[in-house]
Amino acid sequence: MIGIFNHRYKSKNFNEDELMKKYLEYSKDKNIIKTLNSSLDGLDEHVARSKLKIDGKNEVIEEVNHTYLYFFFNGFKDQFVIILLVMAIINFVSGDRLGALLIVILVLISIIIRSKQEYETFKFNKSLKSKLVTNCNVIRNGKVEEINVSNIVVGDIVELNAGTIIPAAGTIIPADVLLIENKNLYLNMAVFTGESRPIRKSKSLKDTSNLINMNNICLMGSSVITGSGKGIVISTGFNTYLGHISKNLGKPQKTNFEKGMDKISNVIIRFMIVISLVVFCINYLLRGDLMEALLFAISIAVGITPSMLP
């Protein structure tokens, strides 16, 4: 089994050695809490707000805002739409303006329906995301508070506990954290390693072979299985290990449904091209009128092309 963020998925732009060097310096710093302008009583609320404004939200997914026009113009990238528009241009140039107009109208109806559906889906997903809230326990002003993970900042003292149900407080490591207290803490790091075997964490640094194996660092995205501990946040958002990988990942892979649709589309397009050429040749040989044969072949192609498939 391979972890979701296994090394083979990383961009060449991601330099793990630099991040590890930074974390090694933090690990060797005996006054790390003061270095990060924090204390065992946690950050002051005003300081935390100031840091949040400077560093931004603790999120590893970029907030994307699209208007309806984005989905409308994106609809013109569909291969069926391109084929139909090319046919409309040929019709227009050859003098069949009514045929060209009908094809364009058909294309616009298809794009309007498709873009409306995609835009409604986009709005629904965004609304759903805003309602899904993950919290964690953080010490602020000497008191334990339950706050939204996205509001965590560097220097926050977080409590790590097992036994809660996702997404309740403390189960998921909310950021890259350096341990300052530990009691039989075991993490599930399958998201990085692909292995379900629990990995023990401790305050003392022992293994420096790579970033994932650093036993005093708890990486964002891993989860607590057993034990408890406290840690100071050393990186948030896209500055975390998970954030670096997320930021440098390539384009998302196509789903099986999209791959299936592409195969169907390619078969239909090849079929349409072959039939249209055959019809054009036969019509021209029988009637000897090039323009008539061309228009008839285009009509056949338009009929075969499923313009509403997108």
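The values are calculated or read from the model by the stated rules, or taken from the named source; none is laboratory data. Source: prediction; values computed, not measured. Backbone-built Cβ (ideal geometry, glycine too); neighbour counts: all protein chains shown. Just so you know, the surface numbers come from the protein's heavy atoms only, side chains and all, with ligands and any DNA or RNA stripped out. Shrake-Rupley method; radii C 1.70, N 1.55, O 1.52, S 1.80 Å.
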Folded to 0 to 90 degrees: helix 290-304 orientation relative to the chain principal axis, Cα: 40
Student exercise, segment 176-310 dipole from Lys, Arg, Asp, Glu Cβ charges, in Debye to nearest 20: 680
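Within a Cβ distance under 15 Å of Lys206, other residues only, what is the Lys/Arg minus Asp/Glu net charge? Before the final figure, lay out each step's value.
On the way: positive: Lys28, Arg200, Lys201, Lys203; negative: Asp207.
Around Lys206, the surrounding residues sum to +3.
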Any idea of the accessible area per residue across the chain, 1.4 Å probe, to the nearest Å²? 59
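Measure off, as a whole percent, the carbon and sulfur share of the 1.4 Å-probe accessible area of the chain, all protein chains present. Let's see the in-between values first.
Numbers: 10890 of 18230 Å².
Its accessible area is 60 percent carbon and sulfur atoms.
Could you grab the relative contact order for the chain? Cα pairs under 8 Å, six or more apart, rounded to a whole percent. Working shown, then result.
Values: 477 pairs, mean separation 69.2, N = 310.
Value for the chain: 22 percent.
Within 9 Å, Cβ to Cβ, of Ala48, how many net charges do the neighbouring residues add up to if Lys/Arg are +1 and Asp/Glu are -1?
Numbers: positive: Arg49, Lys51, Arg140; negative: Asp44, Glu45, Asp156.
Result for the local shell: 0.
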Cβ-based charge dipole, the chain, positive-most Cα from Tyr186, Ile152, Leu69: Tyr186
Where does the chain land on the Kirkwood hydrodynamic radius, alpha-carbon pairs, in angstrom? 23.7
Would you pull out the residues with amide H under 5 Å of Ala162's amide H, same chain only if 5 or more places away, H placed 1.01 Å from N? Gly227
